[in-house]
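Enquirer: This is the structure I want to talk about, given as structure tokens.
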Amino acid sequence: MTEAMLLLMLLGAAALIWQSALRARDHAVQASRDLCARAGVQLLDQSVRLHRIALVRQRSGRLVMRRHYSFDVSTDGTNRHPGSLQFDGTRLENFSLPLRADDPALLPQAPRLN
């Protein structure tokens, strides 16, 4: 009887962990789509891959799951560049995307006059 209850509890815990992982991945896919749209780059393959996962302590002392996701983007439709996201819990902490050739950040800065 106790073995059956233990097995049931383990299966329930595994199902909850699996559901949490799927929800986190869906959140990462939506965040990558939004970031790519704002940056003017194309998300390739419409897929985001879990690259790394770790348990980290925040400054508040809370333990959260840190998830690193990777994906591929294109700046002009013919090339392929890596992109990445880092979530601490459900909060987007960091991301990396390539710049397009016509991005204003790549334009030379005009000298500042005082």
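Enquirer: Relative to the longest principal Cα axis of the chain, at what angle does helix 2-39 sit, 0 to 90 degrees, rounded to 10?
Expert: It is inclined by approximately 10 degrees.
Enquirer: Also, I was wondering about something else. Neighbour counts of other C-beta atoms within 10 Å: give me PHE71, PHE95 arranged from fewest to most.
Expert: On the way: PHE71 24, PHE95 15.
Least to most surrounded, the residues fall as PHE95, PHE71.
Enquirer: What list of ³J(HN,Hα) values in whole Hz, one per residue of the range 64-75 in order, does the Karplus curve 6.51 cos²θ - 1.76 cosθ + 1.60 (θ = phi - 60°) give from phi, with Gly and Pro shown as x?
Expert: Per-residue couplings from phi come out as 9, 7, 9, 10, 10, 10, 10, 7, 10, 10, 10, 8 Hz.
Enquirer: Within a 10 angstrom radius of the beta carbon, how do VAL29, VAL41, VAL56 rank from fewest other beta carbons to most?
Expert: Fewest-to-most Cβ neighbours within 10 Å comes out as VAL56, VAL29, VAL41.
Enquirer: What number, in percent, do you get for the relative contact order of the chain if the mean sequence gap of Cα pairs under 8 Å and at least 6 apart is divided by its residue count? Please list the in-between numbers first.
Expert: On the way: 142 pairs, mean separation 20.2, N = 114.
After rounding, I find 18 percent.
Enquirer: Moving on to the next point. Cut-off 10 angstrom, C-alpha nodes, Gaussian network model of the chain. Which of ASP26, ASP45, ASP34 fluctuates the most?
Expert: Between ASP26, ASP45, ASP34, it is ASP45 that shows the largest mean-square fluctuation.
Enquirer: Can you tell me the dipole magnitude for the range 2-101 around its Cα centre, using point charges on the Cβ only (Lys, Arg +1; Asp, Glu -1), in Debye to the nearest 20? Don't skip to the answer; put the middle values down first.
Expert: On the way: 14 positive and 8 negative charges, 71 e Å.
The dipole of the range 2-101 has a size of about 340 debye.
Enquirer: Translational diffusion coefficient, Stokes-Einstein: compute it for the chain using the Kirkwood radius over C-alpha pairs as Rh, at 25 °C and 0.890 mPa s, and state it as an integer in µm² s⁻¹. Intermediate results must be reported in sequence, preceding the final value.
Expert: Details: Rh = 16.8 Å.
Reported coefficient: 146 µm²/s.
Enquirer: Can you tell me the length gained on complete extension of the stretch SER96 to ARG25, counting 0.36 nm per residue apart and subtracting the Cα distance? Spell out each step's value before the answer.
Expert: Numbers: separation 71, 0.36 × 71 = 25.56 nm, distance 1.71 nm.
My answer for the length gained is 23.9 nm.
Enquirer: Which trypsin sites (Lys or Arg not before Pro) in the range 12-68 sit in a loop by DSSP (not H, G, I, E or B) and have at most 11 other Cβ atoms within 10 Å of their own Cβ?
Expert: Details: sites: ARG23, ARG25, ARG33, ARG38, ARG49, ARG52, ARG57, ARG59, ARG62, ARG66, ARG67; in loops: ARG59, ARG62.
Answer by residue number: ARG59, ARG62.
Read-outs: derived from the displayed coordinates by stated rules, not from any lab. As the structure is a prediction and not an experimental result, all values here were calculated from the model. As a convention, Cβ positions derive from the backbone with ideal geometry for all residues, glycine included, and neighbour counts pool all protein chains shown.
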